[in-house]
Structures are given as C-alpha cells and as structure tokens.
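K.L.:
Encoded as structure tokens, here's the structure I'll be asking about.
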Amino acid sequence: MKFVQNTAFCFFAFLLFIQCKEGTKKEIPIVNSKNEIQYAKGLEIYKYNGYSILKVTKPWPKAKAIFTYILQEKNGKIPDSLKKFTIIPIPIKSIVVTSTTHIPALELLGVENTLVGFPNTDFISSKKTRKLIDTGKIREVGSNETLNTEVLIDLQPDIIVSFGLTDSNPTLDNLQKSGLKVMLDGDWTENSPLGKAEWIKFFGALYGLDSKASSLFSNIEKEYLNTLEIAKKATSRPTVLSGSLYQEQWFVPQGECWASFFLKDAQSNYLWSATKGTGSLSLSFETVLEKAQNADFWIAPGDFSSLKEMSDSNPHYCEFTSFKNKKVYSYALNKGAKGGTLYFEWSPTRPDWVLKDLIKIFHPELVPNHQLFFLKKLE
C-alpha cells in the first residue's frame, strides 16, 4: 500500500513538474494596444509593457512591404512571436541618419549629440548640428546611394535610419549583413503637413522619449490648427503659380501632394489643385503660360535667388504678371553656412511656420506681426 501511495505521489509530482515546466514556456499573449499615431499614414507605434512595436507601413510610394521593429526597454521581455523582427534596445546612444529632415527631430528632442554620422554633411543647415560637424563629432559617411560601409562599421552606431525609394536597397542590405541595424523612415511619403510632422514620434520612440515627442508634436499641431483658423478669416483667394522650367519641362506640384495642402490651407487658389496625384506634374511652358500668366503670386520658382537670375535663365519668365508685379517668393534665400536649404530641412517638422509664411504673403492683414522665415520675396 505504501508503495502504491509513493508511486501515486511521484506520478502526480511528475505531472505537476511537467505542467510547471510547460507553464514557463507558455507565451503571454500580446494584448491589443492602441496605435499612438494620429495623422501619419505610414507609421504605427504600439506600446506594451517592456517594449514597443514600431511599424513603417509606407516606406516608399506604393510599397507592399511593411517593416516591423521591436524597441526593447531595459530588462523588457520580448514574446517569442516577435523575435523574428529587428530588435533594437532602447534608449539608443548613437545614431546615423541620412536625410536633413531627420535633424530637426533630434534637435527638438535634445539628442543631437548622439548623431555620429551623416552623408553629405554640407547639406545640413542647422547651426546647432553644424557646430558638431565642425568640431569633428559627426563623420561624413559618403552619399545615400553609396554609404561608406567601412566608416559605418567603424562607428558602430546603435541604429542607421535611412530611406528606400524601391524594394531594391543593396547598400542597406550590405550594411545589415555586416551586422549593423538599419531602420527605414518613410516621413517623405506623407502628404499632409501634420502627417509629416508626426514622425518626430519615430525618433522619440528610439530614445525612450515618447512623452516628450508627443508634447512637441502637440504644440506643433496646436500652432498649425490655430493658424488654420486664422486663415479661414480671409476674404479673398489669390491665384497661385508654382515651380519652374527644368530641361524644357515645367514641374508643378500635383493637387494631392504636401505642397498643395499648404497652399489650400493658406486660402489661396492654386491653379493645379484639382489634379490627382502626390508628385509633380510635367508640363510644357506654353501650357503653364496659358493657365497661369495672370496668377497673382508665384511661389517656389526653383533655386533662383533673384528676379534677374530668373530672367537671365529664361526671358519668358517676364511674361507672367506675378513676375512683373514682383510677387515671386522663394525658399532659396534662406541657406545654411555650407549652402544647405533651411526649408528642406525644417519645413516637414514645422509646418506651422510654412503656413504662417504663406498667410503673410497672401493675407498679410491676418498675421501682421509674423516675419517671413522660409519664404522670401525675390528682388
């Protein structure tokens, strides 16, 4: 009898051991989390206990691939089902970015000192980051098309933030094969002003500064929406021309692109606002002249810095009423120390500044105290 009891006890103890062992293997289910992103169409961030899931759902136009990254906090436990994705310990301590549009996010978050490499550093305009470049704290890493693998391996950044134009990215593939971690940033594919600006949360998540990034974006959102309400008080909608000739073709922003949103929100009548598409429309000079010869304003005529430079390039520019009336405004006059254009660098992150500039141009009575920042009048 004692033998039977001992046997039964051992049997049940064995079952208990197996159940406990299996219990340690059993994965805790991932409870659904709310996406932290409101405006951006190509970014999703989900917060969990000890980690976040960051998804770039539109890394380039018409992309079918979705890139998923797991941001692991210190001592955070990652479910087995997520270990197939790139795991990035956060907060990161060093970074390489590849677009000037990434610089403002780093500066606003106060982490520009973690930037260790950048391609074509002359393009960077911001004085704060230029100082780091000039003191040798940020190294040149080649160009976006041919990033210098040797330099990047030597730097060993925690993460390289780049972008892809298609699903073929051999340079980035080689970097990952070398053991470096690469993330794709799709901020440039966003079409709405606030959608682009919200990508500051991408960088906030990498540094464990989600709250700070959300607060910064909330302020930008508030400024933009308040400015939008001011614009609605406009009593007129001036007609607007944009772009210029390049290799015998005139490229104008299509009606659904980022630049067109600004012109619409600033209560202007952009002459190609009804076109469908998010890129540029290629037109002949004659087509543009016929439609826009009498436009009230000409915004962003390429890289020209004076009216004389425009007319020297093509005397036919003088046929436009906006040119004759000296109502041509360009982003090309506001450059950094090495020639980088401040508009390209900062406008995606500060759309409120762009909108205020346009309202000042089209409806100066609505924002009498605003000083033009990105756009300047050509003389």
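The values are calculated or read from the model by the stated rules, or taken from the named source; none is laboratory data. Values in this document were obtained by computation on a predicted structure and should not be read as measured data. With ideal geometry, Cβ positions are generated from the backbone for all residues, glycine too; neighbour counts draw on all protein chains shown. Areas reflect the complete protein model, heavy atoms only, side chains present, ligands, DNA and RNA absent. Shrake-Rupley method; radii C 1.70, N 1.55, O 1.52, S 1.80 Å.
K.L.:
Select from segment 80-103 the residues that are more than 17 Å from Lys181 (Cα to Cα) and in contact with a Pro (Cβ under 8 Å, 6 or more places away or on another chain) and list them in ascending order.
P.N.:
Result: Thr101, single match.
K.L.:
Failed condition for Ala292, given (1) at pLDDT 95 or above; (2) open to solvent by 40 Å² or more (accessible area, probe 1.4 Å), with all others met?
P.N.:
Against the list (1) at pLDDT 95 or above; (2) open to solvent by 40 Å² or more (accessible area, probe 1.4 Å), Ala292 comes up short only on (2).
K.L.:
Residues to consider are Leu82, Leu106, Leu54; find the one that is buried (at least 19 other Cβ atoms within 10 Å of the Cβ) and over 30 Å from Gly277 (Cα atoms).
P.N.:
Numbers: Leu82 fails: buried (at least 19 other Cβ atoms within 10 Å of the Cβ); Leu54 fails: over 30 Å from Gly277 (Cα atoms).
Just a single option satisfies the conditions, and that option is Leu106.
K.L.:
Which of the residues that make up segment 39-51 are assigned to a strand (DSSP E or B) and open to solvent by less than 20 Å² (accessible area, probe 1.4 Å)?
P.N.:
Leu43, Ile45, Tyr51
K.L.:
While we're here: Looking for something part of a helix (DSSP H, G or I), open to solvent by 40 Å² or more (accessible area, probe 1.4 Å), under 26 Å from Ile103 (Cβ atoms) and out of contact with any His (no Cβ under 7 Å at 6 or more places or on another chain) - is there at least one such residue anywhere in segment 325-344?
P.N.:
Keep residues of segment 325-344 that are part of a helix (DSSP H, G or I), which gives 342-344.
Going one step further and asking which of them are open to solvent by 40 Å² or more (accessible area, probe 1.4 Å), we end up with 344.
After this cut, where a residue has to be under 26 Å from Ile103 (Cβ atoms) as well, the list is 344.
When the remaining residues are screened for being out of contact with any His (no Cβ under 7 Å at 6 or more places or on another chain), the result is 344.
The answer is yes; a qualifying residue exists.
K.L.:
A follow-up question, please. Where in segment 221-265 are the strands (runs of 3 or more DSSP E), entirely inside, with at least 1 residues that are without any contact (Cβ under 8 Å) to a residue 60 or more places away in the chain, among the small types (Gly, Ala, Ser) and under 24 Å from Phe323 (Cβ atoms)?
P.N.:
Working: elements: 239-242, 244-246, 249-253.
Qualifying strands (runs of 3 or more DSSP E): 239-242.
K.L.:
Go through segment 173-184 and count every residue that is of a type outside the set (S, T, N, Q) and either within 25 Å of Glu223 (Cα to Cα) or open to solvent by 20 Å² or more (accessible area, probe 1.4 Å) (or both). Write out each step before concluding.
P.N.:
Of the residues in segment 173-184, the ones of a type outside the set (S, T, N, Q) are 173, 175, 177, 179-184.
Of the ones still in play, those that are also either within 25 Å of Glu223 (Cα to Cα) or open to solvent by 20 Å² or more (accessible area, probe 1.4 Å) (or both) are 173, 177, 179, 181.
Qualifying residue count, segment 173-184: 4.
K.L.:
When you go through (1) of a type in the set (A, V, I, L, M); (2) closer than 17 Å to Leu209 by Cβ; (3) touching a strand residue (DSSP E or B) at 6+ places or on another chain (Cβ under 9 Å); (4) open to solvent by 10 Å² or more (accessible area, probe 1.4 Å) one by one for Leu115, which number turns out not to apply?
P.N.:
(4)
K.L.:
Looking for whichever is at pLDDT below 95, outside any loop (DSSP other than H, G, I, E, B) and not hydrophobic (A, V, I, L, M, F, W, C) here; the options are Ser282, Ser305, Ser322. Which one fits? Let's see the steps before the verdict.
P.N.:
Numbers: Ser305 fails: outside any loop (DSSP other than H, G, I, E, B); Ser322 fails: at pLDDT below 95.
Within the list Ser282, Ser305, Ser322, the selection yields Ser282.
K.L.:
Which numbered condition trips up Pro348, out of (1) farther than 23 Å from Leu216 by Cα; (2) outside any helix (DSSP H, G or I); (3) open to solvent by less than 40 Å² (accessible area, probe 1.4 Å); (4) not aromatic (Phe, Trp, Tyr)?
P.N.:
Going through the list (1) farther than 23 Å from Leu216 by Cα; (2) outside any helix (DSSP H, G or I); (3) open to solvent by less than 40 Å² (accessible area, probe 1.4 Å); (4) not aromatic (Phe, Trp, Tyr), Pro348 breaks only (1).
K.L.:
Scanning for something open to solvent by less than 10 Å² (accessible area, probe 1.4 Å) and more than 27 Å from Leu366 (Cα to Cα), does segment 235-243 turn up at least one residue?
P.N.:
Scanning segment 235-243, I find no residue that is open to solvent by less than 10 Å² (accessible area, probe 1.4 Å) and more than 27 Å from Leu366 (Cα to Cα), so the answer is no.
K.L.:
Of the residues Phe118, Phe163, Phe123, which single one is within 14 Å of Val182 (Cβ to Cβ) and of a type in the set (Phe, Trp, Tyr)?
P.N.:
Working: Phe118 fails: within 14 Å of Val182 (Cβ to Cβ); Phe123 fails: within 14 Å of Val182 (Cβ to Cβ).
Of the residues listed, the single one that is within 14 Å of Val182 (Cβ to Cβ) and of a type in the set (Phe, Trp, Tyr) is Phe163.
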